[in-house]
Structure formats: structure tokens, C-alpha cells
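Trainee: Take this structure, written in C-alpha cells, and hold onto it; I'll ask about it next.
The values are calculated or read from the model by the stated rules, or taken from the named source; none is laboratory data. Just so it is clear, the model here is predicted, and its values are computed rather than measured. Cβ placement follows ideal geometry from the backbone for every residue including glycine, while neighbour counts extend to all protein chains displayed. Quick note on the areas: whole protein, heavy atoms, side chains included, nothing else; ligands and nucleic acids left out. Shrake-Rupley method; radii C 1.70, N 1.55, O 1.52, S 1.80 Å.
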Amino acid sequence: MPEVIPSAARKAAFALTVSLALLTTACTGQSGTGATDDASKDTTINFWHAWSAPNEVKAVRSLVAGFEKAHPNIHVNVVGNMTDDKINQALRSGGDRAPDVISSFTTNNVGKFCSSGALVDLGPFFRKSGIDPAKTFPKAMNEYTRFEGNRCAVPLLGDAYGLYYNKTAYRKAGITAPPKTWSQFETDARKLTIPQGDGYEQLGFMPDYHGWESTTEHYFAQFSPTYFAKDGTSDLAKDPAFEKGFRLQKRLVDELGGFRRLERFRATLGDEWGPKHPFHTGQVAMQLDGEWRLGMAEAAKPKFEIGVAPLPVPDDQAAQYGKGYITGTIAGIAATSHKQNAAWEFVKYVSTDTDAVVGFANDIHNVPSTLAALKSPKLKYDPRFKTFLDIAADPDSTTTPASVNGGQYLVTIQQFGYDYESGKVTDLKAGLRKTAAQIDTDIAQAK
């Protein structure tokens, strides 16, 4: 059992450690970051990001303006609507017009960014600034910005996944509250399903992996799986969470009419991003989705009351109800940048300054990416949005880990999911072993 140190002694030890660290830095003049530019001098940095919608571009401008007001000597040249492919090309080529700071919508690429050395390790910068990422960012966000010990990114707003449900349909079906466990969810999905011909007047839930946000990683998050063992090999065939997740989804598919019937119905429904999304129209009564769906659904002026709740959890994990899948936007500093200290000032501001994070979250309507911002009284949101704030702050919430070949392992798992739900694969255990072997082969080839 570890020795319990009294709080006063811990504080004294911490103060001594900080004093020694400051003394060492003062004597040597070394920050440990390797950056040599003087961030106190007049300079301009380039910031490349992926946002493109008018309200998003306006929000980025406001965020940058706040930084430039706080750091009048550092000017930010903003380049928007940049894909990861374009960003990667620029990171490789470098030059005066290349980005000093980048932002990407894809957490899946963190492994590539870190392992390739395209983005600098931010660990020394955090230590130099006296910021502890583990105490600053929600647990899942803290995890998806690292790869093999290298923290080459920071979270810059996030996405949390939960359950949307049709309250009007609930009342008609005699359901009084959203389900907390998967068994309750199954029961409710059946009650809410009203067959009509070879389709449905109303479908309780679209379980298919092609069903918009009902992907394998979003389902499996509720089972808290371990994707990789300590030696880096796939845990897909060893962690029982995956088998449980696959069997749950397949059971839902079979109970709600079977794969072919569901797919025929899905083909008649509206797309994910338009006003005719089947949840908006009432054709599907429950929907697994991210925090952005609330605004989109309300804008479609539905003829029913919308409810929001966390996704259910396995019955044997009922105590963890409230967790969910977390992902989001990330930011980092280019290794080719000659202005890394100035770039860090910008990255530090946009990712750790509470008011900056809150203001950006209010403008973009995403989940704030610091623990302090999640609790800020300055947040403006629909009361139902708090569900996603709570999911983001929940230490049991999970994400998908970074990999050297990006999100290829997730694509492989999803493809297996298509084969299993459709009946193409019938031996689940053997299929999981085969899929795990494929993931290991792909990763070995990427190294």
C-alpha cells in the first residue's frame, strides 16, 4: 500500500519542487522546448484551420482577435477551410507561408502527426508554463491528444455523443424516462417501432452501422473497451467488451426487423445533414448523435418535443451511466516553424484560457475542452445541452486511441461490423480474431 502523505507535507514538497524547477530554469536559461524565437518581440504566425461555415469563420476571427488583444506583439495570419491532406503537405514542405499552428477536425490523425514528427511535442511547453494537462482537460480529451508518450496536440473544443429521443413518441408508447441500460433500451426500441407494410410507420432506433452516427466506435464506447494491449497489438479478439458490443447491435438489428428490412427503410430516409433527417421528421424515435444535432433538429421545426440523455450502458455497468464517446478538434505546432514560442502563446491561449475556450464554444456550439470551461457560468446553451457537458466531464467517458496509421483500425473494425450485421460473417469469435490480425498487419506495415 502506498504511503499516505499529509496534505500539508504534499504542499510543502510541491512548493520545494516548483522552487527548484524555477531556480534551474533561471540558472540555465533552458526551457526544454528547443524553441529559440523571442515571443516578446513583434512577429506574425500562420494559423491553418478547417472551419468554413460563415458562423465558424466569424468565431475563429473573434478567437484570434481576443488573442491579439492579449498579445499585441503577436499577429496571426489565418488560413481557413484546410483539409488534413493540405495541412500535411504544408507541414512537410515548411517555408514562410506554411503554418506555424494547425487545427484538424480529425483526432484519428494524432498518431500520424506525433509519430512522423510533423508536430512538436508540447510536453516541454506545458511544463515551462506550469500547466498540468491532466488537471486542465477532460480525461478522454487528454488521451486523444497523445501518442506513445508524445503530446503533440491539444484539444480545441470537443464533441460528445448521447441519445436523442422523441418525447411525444415516448408518451404514446407509455415510456416515462430514457433508458439507462442496454436491456431497457432494447425494450424501448421495440415499443417505439410501428411496422407498416415492408417498412415502418415509425422505427424505434436505426441500429445499422450505416445509420448515420451509429458506428462501431460510438456503440463500443459504452462498454469501455481496450483497443490495444500494452505491446501495441489489437485487443479486439481478447477484450470481451467488443464481443458484447457486436452481439448487442446484431440483436437490435434482428429484433427490429432484420438487416434487409432495415436497409430498405434506410434507403428511403433523408440524409444526415439535411432537414429531412429521419429523427427530425419523426420516422426514427431515438438517435445516437453528437451535441450538434440538437440545434439542427430544432432548426428543422419538428412536430414533437426533443429529449436528450446519455446513451445507455451495459447492465453490469449501470453505475457508469452518464458516460459517452468523446472526440473533437485538435491543434498543434508545426515542427518546421521557426516561431514555436510565439506559436505556443497562441496554442496556450486558445486551448487553456477559460474565457477564450468558453467564447469559442458559445460561437461554434461545440463542447468546451477544459474542465474549467465546462463549469463556467459564461457558457450559453439550451438546458438540454448540459447533458453533453456532463458527458464530456465524466471520467468514465472514453475515446478511441491514436494509432501510427491514423484511423485505419477503426475502418477495419467498421467493415467487419458491416459483414457481421448483414450475416456475411456468422462466427463472431473467429471474425474478431481475423480482424485483429488484419489490424496488427496494417500497423506493422505502417511503421
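Trainee: Obtain the nm distance between the two label points defined at Q415 and D198 by a simple spin-label model: each point lies 7 Å from its Cα along the Cα-to-C-beta direction.
Mentor: Placing both labels 7 Å along Cα→Cβ, they lie 3.0 nm apart.
Trainee: Mind giving me the FRET efficiency for D85 and K135? R0 is 35 Å, r the Cβ-Cβ distance, nearest 0.05 is fine. It would help to have the intermediate numbers written out before the result.
Mentor: On the way: r = 35 Å, r/R0 = 0.99.
Calculated transfer efficiency: 0.50.
Trainee: Rounded, prolate or oblate for region 212-363? Axes are the square roots of the Cα gyration tensor eigenvalues, ordered a ≥ b ≥ c, and the cut-off for rounded is a/c under 1.5.
Mentor: It is oblate, given that a/c is not under 1.5 and a/b is not larger than b/c.
Trainee: I've got another one for you. Looking at T83, L203, L379, which one has the Cα that reaches farthest to the positive end of the dipole of the chain (charges on Cβ: Lys, Arg +1; Asp, Glu -1)?
Mentor: After comparing all options, I get L379.
Trainee: Connecting C-alpha atoms closer than 10 Å in a GNM of the chain, tell me which of K375, K424, K348 has the biggest fluctuation.
Mentor: Its mean-square fluctuation being the largest, the pick is K424.
Trainee: Tell me the angle of helix 54-70 to the major Cα principal axis of the chain, expressed in degrees between 0 and 90 and rounded to the nearest ten.
Mentor: 30
Trainee: Highest GNM mean-square fluctuation, the chain, Cα pairs closer than 10 Å: which of L91, L428, L311?
Mentor: Top of the fluctuation ranking is L428.
Trainee: Let me ask something additional. For region 248-253, just list the computed ³J(HN,Hα) in residue order, Karplus coefficients 6.51, -1.76 and 1.60, θ = phi - 60°, integers in Hz, with x standing in for Gly and Pro.
Mentor: Result, ordered by residue: 4, 5, 5, 5, 4, 4 Hz.
Trainee: Does region 311-418 classify as rounded, prolate or oblate by the C-alpha gyration tensor (a ≥ b ≥ c root eigenvalues; a/c under 1.5 gives rounded; else a/b over b/c gives prolate, otherwise oblate)?
Mentor: Oblate shape, in that a/c is at least 1.5 and b/c is the bigger or equal ratio.
Trainee: Please give, to one decimal in nm, the separation of the simple spin-label points placed at V57 and D254, each 7 Å out from Cα toward the Cβ.
Mentor: Modelled inter-label distance: 5.2 nm.
Trainee: Next question, about the same structure. Could you go through region 435-447 in sequence order and give the Karplus-derived ³J(HN,Hα) for each residue, using 6.51 cos²θ - 1.76 cosθ + 1.60 with θ = phi - 60°, rounded to whole Hz, and x for Gly and Pro?
Mentor: After applying 6.51 cos²θ - 1.76 cosθ + 1.60, I find 5, 4, 5, 5, 4, 4, 5, 5, 5, 4, 6, 7, 7 Hz.
Trainee: Let me make sure I get this right: for region 46-165, a, b and c are the square roots of the gyration tensor eigenvalues over alpha carbons, sorted descending. Under 1.5 in a/c it's rounded, otherwise prolate if a/b > b/c, else oblate. Which is it?
Mentor: Rounded, since a/c falls under 1.5.
Trainee: Can you give the local net charge around Q287? Use residues other than it whose beta-carbon is closer than 12 angstrom to its beta-carbon, Lys and Arg +1, Asp and Glu -1.
Mentor: Working: positive: R293; negative: E213, E272, D289.
So the surrounding residues net to -2.
Trainee: Given Cβ point charges of +1 (Lys, Arg) and -1 (Asp, Glu) and nothing else, what value in debye, to the nearest 20, does the dipole of the chain about its Cα centre take?
Mentor: 480
Trainee: While we're here: Considering only protein heavy atoms, what is the solvent-accessible area of D355 at a probe of 1.4 Å, reported in Å² to the nearest 10?
Mentor: 90
Trainee: Another question, then. Skipping prolines and chain starts, which residues have an amide H placed within reach, meaning under 5 Å, of the one on A153, given they are 5 or more residues away or on another chain?
Mentor: Answer set, sorted by chain and number: L122.
Trainee: Mind putting a number on the dipole of region 297-374 about its Cα centre? Charges go on the C-beta only, +1 for Lys and Arg and -1 for Asp and Glu, and I need it in Debye to the nearest 20. Before the final figure, lay out each step's value.
Mentor: Working: 5 positive and 8 negative charges, 43 e Å.
The dipole of region 297-374 has a size of about 200 debye.
Trainee: With every protein chain kept in the model, how would you rank E186, E201 by accessible area, 1.4 Å probe, largest at the top?
Mentor: The ranking, largest first, comes out as E201, E186.
Trainee: Could you tell me the relative contact order of the chain? Use alpha-carbon pairs under 8 Å, at least six residues apart, and round to a whole percent.
Mentor: Relative contact order for the chain comes out at 26 percent.
Trainee: About the Cα centre of region 95-216, what is the dipole size in debye to 20, counting +1 per Lys and Arg Cβ and -1 per Asp and Glu Cβ, all else neutral?
Mentor: The dipole of region 95-216 has a size of about 480 debye.
Trainee: Here's something else I'd like to know. Explain nothing, just the number: relative contact order of region 33-87, from Cα pairs under 8 Å at least 6 residues apart, as a whole percent.
Mentor: Worked out over region 33-87, it gives 53 percent.
Trainee: Further question on the same structure: What residue among K301, K139, K244 has the largest mean-square fluctuation in a Gaussian network model of the chain, using Cα springs under 10 Å?
Mentor: Most flexible of the set in this elastic network: K301.
Trainee: Same structure again: Quick one: if the Förster radius is 41 Å, what FRET efficiency do Q445 and H210 give, using the C-beta to C-beta distance and rounding to 0.05?
Mentor: 0.90
Trainee: So, one more: Between region 386-411 and region 307-348, how far is it from one alpha carbon centroid to the other, in angstrom?
Mentor: The distance from the Cα centre of region 386-411 to that of region 307-348 comes to 7 Å.
Trainee: What accessible area per residue, rounded to a whole number of Å², is obtained for region 275-364 using a probe radius of 1.4 Å?
Mentor: I get 31 Å² per residue for region 275-364.
Trainee: Let me ask something else about it. If I take R0 = 35 Å and measure r between the Cβ atoms of S93 and K172 in this structure, what FRET efficiency does the formula 1/(1 + (r/R0)^6) give, to the nearest 0.05? Don't skip to the answer; put the middle values down first.
Mentor: On the way: r = 59 Å, r/R0 = 1.70.
Approximately 0.05, to the nearest 0.05.
Trainee: Could you state how much accessible area D271 has, in square angstrom rounded to the nearest 10, with a 1.4 Å probe and all protein chains kept in place?
Mentor: Roll a 1.4 Å probe over it and D271 shows about 90 Å².
Trainee: Then there is this: Determine the calculated [θ] at 222 nm for the chain from helices alone, applying -39500 (n - 2.57) to every DSSP H run no shorter than 4 residues and normalising by the residue count; nearest 500 deg cm²/dmol.
Mentor: Taking each H run of at least 4 residues, the total per residue is -13000 deg cm²/dmol.
Trainee: Any chance you could run the full-extension gain for T281 through K375? It's 0.36 nm times the residue separation minus the Cα-Cα distance, nm to one decimal.
Mentor: Separation in residues times 0.36 nm, less the Cα-Cα distance, equals 30.5 nm.
Trainee: Could you state how much accessible area M82 has, in square angstrom rounded to the nearest 10, with a 1.4 Å probe and all protein chains kept in place?
Mentor: 30
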